[in-house]
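Peer 1: Below you'll find the structure I mean.
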Amino acid sequence: MPKPKVALLVGSDSDIPTMQEGIEILKELQVPYELHIYSAHRTPDQTLQFAQRAHQEGFHVIIAGAGMAAHLAGIVAAHTLLPVIGVPMEGKLQGLDSLLSTVQMPKGVPVGTVAIGKTGAANAALLAAQILALSDEELLKRLQVYRSSMGKEVLNKDKKLQQYARRFPKN
Ligand code: RP5
C-alpha cells in the first residue's frame, strides 16, 4: 500500500459523517488517505505539529473540515506550503459561519474553499485527486472515468424523462 498523499483533518468526530462523502470518493479513485481529528481550538499544539510535519511526512494535499468558528483549515495553511482545501461544516447557522471563517483568509495564506457540507467534502476529495493526477497518469484515467460516468448518468435521466413525456403528453 503506497503512503497516503492526502491528509483529511476534521475538527471533531461529529464532522466525520460529512467528510465520509469525500472518503468514499477517495476510495473509489483508489487514493490512499489518512484521517485525523485535530481541532484548532481544542488541540492547537497537535494541529500545529501535524501541519508543520505534513510535507516531510509525504503528504501532497491537506483537506481540512471544521464547523462553527472554523479556523482549522486556516491555521493548517499558515503552517505549511502544501495546498489546503477547506470544507465548511454545516453545523450551526446552516454552515454560513463555517463558510466565512474558512474562506475569508487574509492575502498570502490561501485556503481553497469548497461548498458547505457533504457536497463540499465530495468536491474537496475530487480536487485533491485532480492535484495528485497531475503526476499520476493512472489516477487521471480513473478521474476521466468518474467524469464520464457522471455525464452518462445525467443523460440516462434525461432519456427517461423524455420517454415519460412522450407517454404522458401534457395535452
Ligand atoms: C468545530 O466545532 C468542529 O469542527 C465541529 O464542526 C463543531 C462542533 O464540534 P463538537 O462539539 O461536535 O465536537 O470545532
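Peer 1: Using helices alone, what [θ] at 222 nm do you get for the chain, with -39,500 (n - 2.57) per DSSP H run of 4 or more residues, divided over all residues and rounded to the nearest 500?
Peer 2: The helix-only estimate for the chain comes to -16000 deg cm²/dmol at 222 nm.
Peer 1: DSSP loop trypsin sites (Lys or Arg not before Pro) in region 84-151 with at most 12 other Cβ atoms within 10 Å of their Cβ, which ones?
Peer 2: Within region 84-151, the qualifying trypsin sites (Lys or Arg not before Pro) (loop, at most 12 other Cβ atoms within 10 Å) are 92, 107.
Peer 1: While we're looking at this one, here's another question. Compute the signed sum of charges (Lys and Arg +1, Asp and Glu -1) over the other residues within less than 13 Å, Cβ to Cβ, of residue 54.
Peer 2: Neighbourhood net charge equals +1.
Peer 1: Still on this structure: If you fit an axis through the alpha-carbon atoms of helix 137-167 and take the longest principal axis of the Cα set of the chain, what angle between them do you get, 0 to 90°, nearest 10?
Peer 2: On a 0 to 90 degree scale, this one is about 40.
Peer 1: Mind giving me the nanometre distance, one decimal, between the label points for residue 78 and residue 13, set 7 Å out from Cα along Cα→Cβ?
Peer 2: For residue 78 paired with residue 13, the spin-label model returns 2.8 nm.
Peer 1: Let me ask another. Across region 26-43, in residue order, what do the Karplus-derived ³J(HN,Hα) couplings come to in whole Hz, using 6.51 cos²θ - 1.76 cosθ + 1.60 with θ = phi - 60° and x for Gly and Pro?
Peer 2: 4, 4, 4, 8, 6, 9, x, 9, 10, 10, 9, 9, 9, 10, 4, 9, 8, 10
Peer 1: A further question on this structure: Rounded to the nearest percent, how much of the accessible area of the chain (1.4 Å probe, protein heavy atoms only) is carbon and sulfur?
Peer 2: Heavy-atom surface of the chain belonging to carbon and sulfur, 1.4 Å probe: 56 percent.
Peer 1: Once you've got the Cα coordinates, tell me which of 5/141; 5/27; 118/160; 27/118; 27/159; 3/27 are over 21 Å apart.
Peer 2: Going by Cα-Cα distance, 118/160; 27/159 fall outside the 21 Å limit.
Peer 1: Excluding ligands and nucleic acids, what accessible area in Å² is computed for residue 96 using a 1.4 Å probe, to the nearest 10?
Peer 2: Estimated to the nearest 10 Å², residue 96 gives 100 Å².
Peer 1: Just to confirm, what accessible area per residue do you get for the chain at 1.4 Å probe, in whole Å²?
Peer 2: With the other protein chains kept in place, the chain gives 61 Å² per residue.
Peer 1: Roughly how tilted is helix 117-133, in degrees to the nearest 10 and between 0 and 90, from the longest Cα axis of the chain?
Peer 2: Value to nearest ten degrees: 80.
Peer 1: Okay, next question. What is the sum of charges, Lys and Arg at +1 and Asp and Glu at -1, for the other residues whose Cβ falls under 11 Å from the Cβ of residue 37?
Peer 2: Cβ neighbours under 11 Å give a net charge of -1.
Peer 1: Could I ask something else about it? State, as an integer percentage, the relative contact order of region 5-137 based on alpha-carbon contacts under 8 Å between residues 6 or more apart.
Peer 2: Across region 5-137, relative contact order equals 27 percent.
Peer 1: Let me ask something else about it. Against the longest alpha carbon principal axis of the chain, how many degrees, from 0 to 90 and to the nearest 10, is the axis of helix 44-53 turned?
Peer 2: Its long axis makes an angle of about 80 degrees.
The values are calculated or read from the model by the stated rules, or taken from the named source; none is laboratory data. In this text, all values refer to a predicted model and were calculated from it rather than measured experimentally. For neighbour counting, all protein chains shown are included, and Cβ atoms are generated from backbone atoms with ideal geometry for every residue, glycine included. Protein only, heavy atoms only, side chains kept; ligands, DNA and RNA dropped before computing areas. Shrake-Rupley method; radii C 1.70, N 1.55, O 1.52, S 1.80 Å.
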